Every structure is written in structure tokens, then in C-alpha cells.
1. When you go through (1) touching a strand residue (DSSP E or B) at 6+ places or on another chain (Cβ under 6 Å); (2) closer than 12 Å to Ala3 by Cα one by one for Met76, which number turns out not to apply?
2. Can you tell me which residue in the range 68-124 is farthest from the chain's Cα centre (by Cα), limited to those that are in a helix (DSSP H, G or I) and small (Gly, Ala, Ser)?
3. Filter the range 156-170 down to residues that are at pLDDT 85 or above, loosely packed, with under 15 Cβ neighbours inside 10 Å and assigned to a strand (DSSP E or B) and give me whichever is farthest from the chain's Cα centre (by Cα).
4. On the given criteria, is Leu218 of a type in the set (A, V, I, L, M, F, W, C) and touching a residue at least 60 places away in the same chain (Cβ under 8 Å)?
5. Which numbered condition trips up Met76, out of (1) over 18 Å from Gly97 (Cα atoms); (2) without any contact (Cβ under 8 Å) to a residue 12 or more places away in the chain?
6. Give me a count of the residues in the range 189-215 that are touching a residue at least 60 places away in the same chain (Cβ under 8 Å) and either closer than 22 Å to Ser245 by Cβ or aliphatic (A, V, I, L, M) (or both).
7. Going by what's in this entry, would Phe100 be described as farther than 30 Å from Trp209 by Cβ and at pLDDT 85 or above?
8. What is the number of the single condition among (1) touching a Gly at 6+ places or on another chain (Cβ under 6 Å); (2) surrounded by fewer than 21 Cβ atoms within 10 Å (Cβ to Cβ) that Arg27 does not meet?
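The values are calculated or read from the model by the stated rules, or taken from the named source; none is laboratory data. All values reported here derive from a predicted model rather than from experimental measurement. Note: ideal-geometry Cβ built from the backbone for every residue, glycine included; neighbour counts use all protein chains shown.
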Amino acid sequence: MKAALYIRVSTEDQAREGFSLDAQHRRLEAYCRVRGWEIAGVYRDEGHSGRSTARPAYKKMMEERENWDIVLVLKMDRIHRNSVNFTLMMDQLNTWGKEFISVQESFDTTTAMGRFVMDIMQRIAQLESEQIGERVRAGMEQKARNGGDILGFGHPYGYNVTAHGLEINEEEAATVRRIYSLRAEGMSLQQIANDLNSKGIPSKKGKMWSRQAISRILKNPLYCGQLRWAGIVSEGRHEAIIPLSVFRTLCCESAADTY
């Protein structure tokens, strides 16, 4: 077996006894000697948190996976402090046909018990991920009910997203008003898109307009000063571009998707 030794200390760990890089290195080398394993590489991350995967040595180790058969760490929290990231790593190792051992916890995926424990941990990580999603969704829905600003819609055309919320982009707002005006005149979604494209008016990302993009603007209550999240519509804290009465009339017409 060829082992990749992964060792890590973060700033808060460096003063803790037994967790220096050199101390971890010595203990992992001794473990390999006892097991008769070859050391394929030593990957050292100093001053990096275990809550993130953006660590240079960790990334290099995963990129050099063809050189080793097993990842060896002193403790599981040396490689990950986040159960979701740990589960994702284990999925990758399983896909690649690699193994994982944590010396102090006796976590060894080369054994039946180790694989059983890994399965339990994956289920716990999945539960944690789903619970986080539920809490985020509940929070966003509550903000919608309270009329709070929800910036999860990205950077909508007609507005600039600032530290204070949404502020009207006057140049883009003029185009939004034109879209509603042309729709009120009876133009189809595709005709409106063609009109904007013929005049060289770019979309938010500088692309050509499509009937789908026009439809989204006509159906979005954002433009009449409201917010919609998970089916909940509430008054926003931003300035409207289109009167509510105009929006309601044209939104209903656009629901039929007349091309």
C-alpha cells in the first residue's frame, strides 16, 4: 500500500500539544512502518482551517491521487471539520478506489466496521445538509412574509444591488418601461425581443434578448415594488418601476405566453 500522509494545523491548533506538523508527521511515519506501507507523499497545510477545502496541500494531494492508495491522518478533524465536506471526500475516494484511515479514531475503510461507520456518518451528513436547507428556506419565507429584502434573486434587470438593497438603474429601468409599453400595445414577446435587439439594447449580461427573458420581466412582481419567494408575495422595500395596476394587467396577459 502507498500512503498519502495528510497533516494540518490551523492558527488555533498550533499551540495545542501533540498537533504540530512535525509531531503528526512522526506518528504517521511510525504507523506506516508498523503496517509495512510505503509513503507516497506528505501533504502539509499550515494555518488553514479544516472547515474549508480550499487548502493548497489538500488540493494537491487529491490531484496526485494516482500516486497513492490510501489517505492517512492522525485524527479525522485534521482533514475535515465539516461533516458534509468529509462525506464528499469519502464519496470521491470510493469512486477512485482509494481508502482512508484515521489513526486515533481507528477509522479504517479497509475493514467492514470502518465501512459501516462511514455509512452512518454519510447519513448524518445528509441529515445535517437537509436541515440546513430547511432552516434557510424557513428564514427566507419569513422574510418574504415580513416584506424584507431578499437578494437571492441575483442582479435583476432594471436594478443595481447595493449594500442598502435594490436601487433603480435608470437606463435599464427605461427599457423595462418600454417592454411593458410595447406589451400594452399588443406586441408579442418575440416582437418585443426583436425590437430591443434591433436597437442594440443589451440584456443585463450583454446578451441578445429572448422571448423567455421578456416573459420573466413581465411576470416578475419585483418591478411593481413587490417580492416573491416560494409563492409568497409581499411588499418590498425597493422603489417600483411599473405601477401595480399595469403589472397586474400585463402579467395576466403574459401568463398565456402569447408569442
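1. Met76 satisfies all of (1) touching a strand residue (DSSP E or B) at 6+ places or on another chain (Cβ under 6 Å); (2) closer than 12 Å to Ala3 by Cα except (2).
2. Of the residues in the range 68-124, the ones in a helix (DSSP H, G or I) are 76-79, 83-96, 112-124.
Next cut, small (Gly, Ala, Ser) only: 83, 112, 114.
On the way: Ser83: 16, Ala112: 33, Gly114: 30 Å.
Applying the filter and picking the extreme gives Ala112.
3. Once the filter is applied, the top-ranked residue is Glu167.
4. Working: of a type in the set (A, V, I, L, M, F, W, C): yes; touching a residue at least 60 places away in the same chain (Cβ under 8 Å): no.
So Leu218 fails the test.
5. It fails just one condition, (2).
6. First pass over the range 189-215, keeping only residues touching a residue at least 60 places away in the same chain (Cβ under 8 Å): 189-190.
Next, only the ones that are either closer than 22 Å to Ser245 by Cβ or aliphatic (A, V, I, L, M) (or both) stay: 189.
Counting residues in the range 189-215 that are touching a residue at least 60 places away in the same chain (Cβ under 8 Å) and either closer than 22 Å to Ser245 by Cβ or aliphatic (A, V, I, L, M) (or both) gives 1.
7. Numbers: farther than 30 Å from Trp209 by Cβ: yes; at pLDDT 85 or above: yes.
So Phe100 passes the test.
8. It fails just one condition, (1).
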